[in-house]
1. With every protein chain left in place and a probe of 1.4 Å, what is the accessible surface of VAL155, to the nearest 10 Å²?
2. Taking amide H positions as placed in the peptide plane 1.01 Å from N, state which residues far from PHE304 in sequence (5 or more) or on other chains have amide H under 5 Å from it.
3. When the solvent-accessible surface of protein heavy atoms is calculated with a 1.4 angstrom probe, in what order do ASP283, ASP318 fall, highest first?
4. Is the range 154-323 best put as rounded, prolate or oblate by its Cα gyration tensor, with a ≥ b ≥ c the root eigenvalues, rounded for a/c under 1.5, and otherwise prolate when a/b is larger than b/c, oblate when not?
5. Need one number: nm distance between label points at ASN195 and SER253, each 7 Å from Cα along Cα→Cβ, rounded to one decimal.
6. Taking a probe of 1.4 Å, how large is the accessible area per residue of the range 154-323, in Å²?
7. How many percent of the accessible area of the range 154-323 is carbon or sulfur, using a 1.4 Å probe?
8. Sort HIS228, HIS270 by accessible area with a 1.4 Å probe, largest first.
Amino acid sequence: MILQAVFLFLIPVSLALEQESSYPLLTLLEKCQSKNYQLQERLSEVQSQLYEVNLNSQKKDLELQSLKAQIAQQAALITQLKDQISDLKQTCELGKLKDLFSEELAKLREVVKSGSGTEANKAEKNTTITYTTQSKSTQVDLPDGCPSTQDEIYVYPEIHLPGLEPFQVTCYSFNEIGSGWMEVYYKNNTSTELNQTYDQYINGFGDIFGEHFIGLEKLHTLTSQKPHEVRLNVYGGIYYEVICENFVVGGRSEGYSLKQIDGCRGDTSHFNLIQGTKFSTFDRDQDGSPDHNWARELGYGFWFGSEKLILGRNQFLDLFIRRKD
């Protein structure tokens, strides 16, 4: 009886001790659940912030693409305005020359009226005017840059073209093809000196004793006023040569295109020099190929067509012109 009473007394005590021993575990579980809830909330905040960052990044990418498109559009507009300014400048120069001619003609008429006689009348009839513009309708008395006969293989005369600064050129004489050849373009095999901008190609650059280009505006002036032929040499493992009887380079408004190139002979299958092809540089892609910028890929400016020439990056290139009259 006493033992039963003791047992019944110990049961509540055991339960109390069990509850007291499990209390820290319950407390720890509650703390863990609370911490987990806080972490879940923090995770949601971070995910929300990450979403906003991605959204802002996408917006910035779209804004950047829009800005690039606007910059390209403005660059094209600037180029167009430069061309218009150049054409306007030529028109203004022609107007000034016409005014000057009118003044001189008026003076000549006054001399005639004052009784200078027959000689004055002859002078009036024989009076000519040389314009210093490159207009199609203007006849410019161009100098013969390279002599038709020369004893030396190389001579280096200075050329004076109307409206342009004097410049020096290299003239070649070869036994096989004669004299009078002016080197207008020379590219070394591994150099990058010819990787220039469109404006630099317009003005010309380089050293006549090394890599150089005479300039598109000079080529246009020379070939559009007097008949010229052209010779293109390429060598770099294999030697190729093409000679064309007629060679005319168009003006700025025509993209300095191959306005006329015909009567070609030689390794013509290796060159697709097509009439109408515009001059291309890395910053003015006019090759007509939507999938390529040949000037950028090859590292120099040239009259690239929609299909690449046989000309490569690591080849020598020589271009000569010769006045035909």
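The values are calculated or read from the model by the stated rules, or taken from the named source; none is laboratory data. Values in this document were obtained by computation on a predicted structure and should not be read as measured data. Cβ coordinates were reconstructed from backbone atoms using ideal geometry, including for glycine residues, and neighbour counts include every protein chain displayed. For the accessible areas, the whole protein counts, side chains as well, though only heavy atoms, and no ligand, DNA or RNA atoms are used. Shrake-Rupley method; radii C 1.70, N 1.55, O 1.52, S 1.80 Å.
1. The value for VAL155 is about 30 Å².
2. Hits under the 5 Å cutoff: SER280.
3. Order by accessible area, largest first: ASP283, ASP318.
4. Rounded is the answer for the range 154-323, as its axis ratio a/c remains below 1.5.
5. 3.5
6. 43
7. C and S fraction of accessible area: 45 percent.
8. The ranking, largest first, comes out as HIS270, HIS228.
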